[in-house]
1. Which longest uninterrupted range of chain B lacks any chymotrypsin sites (Phe, Trp or Tyr not before Pro) assigned by DSSP to a loop state (not H, G, I, E or B) and surrounded by at most 10 other Cβ atoms within 10 Å?
2. If you fit an axis through the alpha-carbon atoms of helix B:107-118 and take the longest principal axis of the Cα set of chain B, what angle between them do you get, 0 to 90°, nearest 10?
3. Pop a pseudo-label 7 angstrom from the Cα along the beta-carbon direction at both B:Asp125 and A:His56 and give the gap in nm to one decimal.
4. Report, for A:Lys218, each distance to the same residue's label point in the other copies, shortest first and in nm; define the point 7 Å along Cα→Cβ.
5. What value, in deg cm²/dmol to 500, does the helix sum -39500 (n - 2.57) over DSSP H runs of n ≥ 4 give at 222 nm once divided by the residues of chain B?
6. Looking at the P(r) of the stretch A:227-314, how many percent of alpha-carbon pairs lie beyond 18 Å?
7. Measure out, as a whole number of angstrom, how far apart the alpha-carbon centroids of the stretch A:117-196 and the stretch B:255-314 sit.
8. Can you return the lysines within cross-link range of A:Lys30? Criterion is Cα-Cα under 22 Å, with same-chain partners fewer than 8 residues away left out.
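Derivation of every value follows stated rules applied to the coordinates shown; laboratory data play no part. What you are looking at is a predicted structure, and each value in this text was computed from that prediction instead of being measured. Cβ coordinates were reconstructed from backbone atoms using ideal geometry, including for glycine residues, and neighbour counts include every protein chain displayed.
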Number of protein chains: 2
Amino acid sequence: MYIGIDLGGTNLVVGLVNDDGEILERITKKTRVKNGATEIIKDMIEAIKEIIDKTHAEIKSIGIGIPGLVDKENGVVSECVNLNWHGIHIKKEIEKELNTSVFIDNDATVASLAEYVKGSLRNTDTSILITLGTGIGGGFIINKKVYSGANGIASEIGHMVLGENFYNCNCGRNGCFETFSSASAIVKYASKLLEENKEKENSELVKFYNSNEEITSKIVFDFAKKNDEYANIIVERFSKYIAKAIVNLMVIIDPEIISFGGGVSHAGEFMLKKIREEFEKERIFKNVVPPKFVLAEMGNDAGIVGAAFLNKYQ
Amino acid sequence: MYIGIDLGGTNLVVGLVNDDGEILERITKKTRVKNGATEIIKDMIEAIKEIIDKTHAEIKSIGIGIPGLVDKENGVVSECVNLNWHGIHIKKEIEKELNTSVFIDNDATVASLAEYVKGSLRNTDTSILITLGTGIGGGFIINKKVYSGANGIASEIGHMVLGENFYNCNCGRNGCFETFSSASAIVKYASKLLEENKEKENSELVKFYNSNEEITSKIVFDFAKKNDEYANIIVERFSKYIAKAIVNLMVIIDPEIISFGGGVSHAGEFMLKKIREEFEKERIFKNVVPPKFVLAEMGNDAGIVGAAFLNKYQ
């Protein structure tokens, strides 16, 4: 049995996972960000003890998915903006208390491992998960193992520069992938486009915007599914930059499968169809088999299952 | 002992390499491109036999660096534009004749392996060679092995899109790395810039251009070393896009070292200094150790030595 922990900015979920990747027990707690790292780590340890007391399970290892940068060799969270963690020795803290090996990695990497073990990336050697959320994350499986690079910043594909954009990325640069195709990017571009076209009330999306309703990536996709002119423009731009990113990932990593997860991916097959259309325009090396594009399958379980299996796929 | 073959568009070099990566014998032949694949493969086999006859060496394996796309699992050259090869079963042909295992890979990948075994990338787990020539190639060492992806197109970083450019890439897309920072890209941008500034004869480079002398990347760097205003603009643009490419490679591969080879890299430490300056402007994740930037060391031996060791680092 393994413990997998999904540490998010809102909730902290501790799960007991068997060798088949099934979650047998699960404890969810609020992430008490204001209390600081020490208290949050205590909450984790408590939840683990509770699960062990209840199930008498023998735990082989503990894995944790971290929403930030990780020095996995030393088990240190180097940087985690949302939790305000910098240089937190989480591995040492928990091992001291529980006498069980602890493994940590970035949350998107952990999610890609879950997809590899039980989800959309199974039966591949080399594949990629792209998480389309507020930002864009990436997780790489390379030669059947998780890949995090020399310093734990590999697969941070949200900051791959693809072109020029009308606003800068939080990282300070211009043209990062996540400023074109994340949920926030969709909202930013939609607001700009709809503001510039306020008077075009033949578009239902323009009308919606003019009524001061909140624009979200879901709203944009919902209107695009109804073939709204302006929603189509926004989705097309989103898909064009996904396609550019995919071709870059093809000529760098050359994966068998690219899976899409995160909130935006709930637009489902409609989104995949748009991405495939734009990919055909961007595609090079046409006599090479392109990666398959699929949707992530593990949903909310990805963080727990992937973390639980970190030990096995280093 | 190993045979390493460097197959170029002009010459074909066959070398005998020992376990320490030393080249003990070397035969150079013209690559008779017009005669087609079968004849060129015969030339290779003849040279190998000649070396064996002369040295009585026992050959463990034969490796070949190919200037194009390779299906290494099946030993097939999928696409090699310069040689006009498409779907050439080179491994089968040579193994049939010599009864020794044959390994093939892309030439930039082969060069990166040579740098890893004996040159600028030794003692690393994960590192990258960027070859700045007519085009831009890349070779990746990942976890101490050559990395070529699922279809042999990984590390084709010359076609990573970085932004918009004033002309299209041969691949049909706009904004590929090699349209900004290859030798040809330097010449293309120089010609445009100097034509637009023909009258600025206080620049020695403009004068040189106006006298109808041929502009090359070496000429541009030579004038930049003398602090010529227009040469500086060209080198700065070249370096800016190298820096963008490096940051993309950092957030995707996260290597320990990036080594620069190919003709343009003969500009040496001067070029590295310019690249480092631009990298400092583009850099993100500032508390993460950045890759070291170095010059390739293996020169013309890279193709032979890397090919010879393909067997060992699959």
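1. Within chain B, the longest run free of exposed chymotrypsin sites (Phe, Trp or Tyr not before Pro) spans B:1-165.
2. 80
3. 4.0
4. Reported distances to equivalent positions: 6.3 nm.
5. My calculation for chain B gives -12000 deg cm²/dmol from helical runs alone.
6. Summing the P(r) tail past 18 Å for the stretch A:227-314 gives 52 percent.
7. 26
8. Partners within reach: A:Lys42, A:Lys49, A:Lys54, A:Lys91.
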